[in-house]
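Remarks on the structure that follows.
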Amino acid sequence: MHLFLICFLVFFVAALVGPTPKISMAKEASAKNECVGCHTNVKKLIRLSWEIEKIRPKPDKSAETAGEG
Amino acid sequence: MEPYEKIYVNPSFLKTDHGEIACEACHGGDPKDPNWQTAHKGIIRDMTFPEADKVCGECHKDIVSTAKNSLHYTLAPLEKAIKARANKKDKGILKKVCQAKEKHCNACHASCGQCHVSRPDYVEGGFLAGHLFQKKPSMDTTCASCHGGRVHREFTGANDEYPADVHYDKQEMTCMDCHTAKEMHADAMDVGTRFDLPERPRCEKCHPDVISEKPKTSSHTIHRNKVACQVCHAVANKNCFNCHVGTDKKGLPYFKSGETKMLFKIGLNPRKTNDRPYHYVVLRHPPADPGLFDFYVKDGLSDFNKLPTWKLDTPHNIQRITPQNKTCNSCHGNASLFLQKKDVTGWEQKANAGVIVPETKIPRPIKDRVQK
């Protein structure tokens, strides 16, 4: 019985003070998230863009295109 | 735009409502993977196209329910125009026309994301403002990305010898002052052309006097419902000719278009409606050509003459005083303003029979009329 009450209280308190799903996602995003870490860092993005260019060159545009589009 | 600028996320974005959503919830990928190559596996750059409902629709259901059928999203009227001209008797030919249309014409479209978050795919994307959502997109970066060749140039006065639109020049208005969100997000699946959209801009919304019982200007009383506003108040628009598309040896799509001409031509209203009852409208020649898809299939547009190649236009260079409205006879009796048989090439005569102004319908000079 005591064990049940303790468990109930623990869950009840956790539900009250715990983060909402939206906030938890935000925290997840701004905390240790590789996407955020890279995409908000200009230096990293510049270095990565050099790497990307080596692996995936910019798609060509046809030289036969002529006139205004 | 530098490649890194296109994908740089402004940290302030993370404090916005949209920024609170986990990256992978919209874009996929693995946010825990430190290797960028494997982390990006399965990434979707613009998840708002072709299915707007999936992401935006979760919160913006009302807007998305119509926006997914909007002009920008579907290009529905363009599809109708091509189908009207296509060879419908031969299903094999029609299929090839549809494939060519898909490859070349459908590259132009805009999704929720391509207006409110990044530049359109047509100009190879890139965030507008570090992933911050723009409720009202910028005219110069968003609209001009696709409409920069003709409309934006007309509006801002970038065409030599032709003034900027008075709404831009004097009132500093932008595209969105007339083209509201209601219009941008309106369902366009049932409209024949973009001019039939009930939510389109209307001059009388800001200029109610013009259609009132007793307009302040007598010319508005005389011409009301007879000529479109632009006939008196617009200047020359850009006309294009002879577009052909194909695929080069590398497999890349290309187009070849002919010369462009700045012209001002008044024609007969090809399709009168209650909303557009005018006898005369301004016309424009789009790059329509019966050989457009010849690279893929011959005789693909065998019903080419079903639609005129001089089509209704609303030039975006409105002026109070124009060369044709300076005096009555600047227009009356001035045949050069009107699209005549001699202005239309031989093979286009049939398609444009309904818009060419016969001599008898060119307004006579006012003096002549008074004398008679």
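Okay, here's what the table says:
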| item | result |
| --- | --- |
| Number of positions in the range B:83-103 that are surrounded by 15 or more Cβ atoms within 10 Å (Cβ to Cβ) and farther than 24 Å from B:TYR254 by Cβ | 1 |
| In the range B:127-166, the residues that are over 25 Å from B:CYS203 (Cβ atoms) and basic (Lys, Arg) | B:LYS135 |
| Candidates B:VAL245, B:VAL227 - the one that is in contact (Cβ under 8 Å) with a residue 12 or more places away in the chain, of a type in the set (Val, Ile, Thr) and within 22 Å of B:PRO363 (Cα to Cα) | B:VAL227 |
| Test: residue in the range A:56-64 that is surrounded by 13 or more Cβ atoms within 10 Å (Cβ to Cβ), in contact with a Ser or Thr (Cβ under 6 Å, 6 or more places away or on another chain) and modelled with pLDDT of 80 or more | no |
| Subset of the range B:51-76 [out of contact with any His (no Cβ under 8 Å at 6 or more places or on another chain), part of a loop (DSSP other than H, G, I, E, B) and among the aliphatic types (A, V, I, L, M)] | B:ALA52, B:VAL55 |
| Residue check for B:PRO277: out of contact with any Gly (no Cβ under 8 Å at 6 or more places or on another chain), loosely packed, with under 15 Cβ neighbours inside 10 Å and in contact (Cβ under 8 Å) with a residue 40 or more places away in the chain | yes |
| Yes/no for B:HIS104 being in contact with a strand residue (DSSP E or B) (Cβ under 8 Å, 6 or more places away or on another chain) and at negative phi | yes |
| When residues of the range B:210-256 are limited to those that are part of a strand (DSSP E or B) and within 18 Å of the chain's Cα centre (by Cα), the one nearest to B:PRO287 (Cα to Cα) | B:CYS240 |
| Index of the failed condition, B:LYS101 passing every other in (1) assigned to a helix (DSSP H, G or I); (2) more than 21 Å from B:ASN69 (Cα to Cα); (3) touching a residue at least 60 places away in the same chain (Cβ under 8 Å); (4) of a type in the set (D, E, K, R) | (2) |
| Yes/no for B:LEU71 being free of Cβ contacts under 8 Å to residues at least 40 places away in the same chain and out of contact with any strand residue (DSSP E or B) (no Cβ under 9 Å at 6 or more places or on another chain) | no |
| So B:HIS244, is it in contact with a helix residue (DSSP H, G or I) (Cβ under 7 Å, 6 or more places away or on another chain) and crowded, with 16+ Cβ neighbours inside 10 Å | no |
| B:THR48 being away from chain A (no Cβ under 14 Å), among the hydroxyl-bearing types (Ser, Thr, Tyr) and not in a helix (DSSP H, G or I) | yes |
| Verdict on B:MET184 being surrounded by 16 or more Cβ atoms within 10 Å (Cβ to Cβ), more than 14 Å from every other protein chain (Cβ to nearest Cβ), touching a His at 6+ places or on another chain (Cβ under 7 Å) and within 21 Å of B:THR322 (Cβ to Cβ) | no |
| Yes/no for B:CYS203 being crowded, with 16+ Cβ neighbours inside 10 Å and in contact (Cβ under 8 Å) with a residue 24 or more places away in the chain | yes |
| B:PHE295 vs. criteria within 14 Å of chain A (Cβ to nearest Cβ), part of a loop (DSSP other than H, G, I, E, B) and aromatic (Phe, Trp, Tyr) | yes |
| Out of B:CYS59, B:CYS23, sole residue that is over 27 Å from B:VAL97 (Cα atoms), within 14 Å of chain A (Cβ to nearest Cβ) and surrounded by 15 or more Cβ atoms within 10 Å (Cβ to Cβ) | B:CYS23 |
| The range B:31-45: number of residues that are part of a loop (DSSP other than H, G, I, E, B), surrounded by 13 or more Cβ atoms within 10 Å (Cβ to Cβ) and within 8 Å of chain A (Cβ to nearest Cβ) | 2 |
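The values are calculated or read from the model by the stated rules, or taken from the named source; none is laboratory data. Note that the structure is predicted; figures quoted are calculated from it, not measured. Neighbour counts are summed over all protein chains in view; Cβ atoms, including those assigned to glycine, are modelled from backbone coordinates with ideal geometry.
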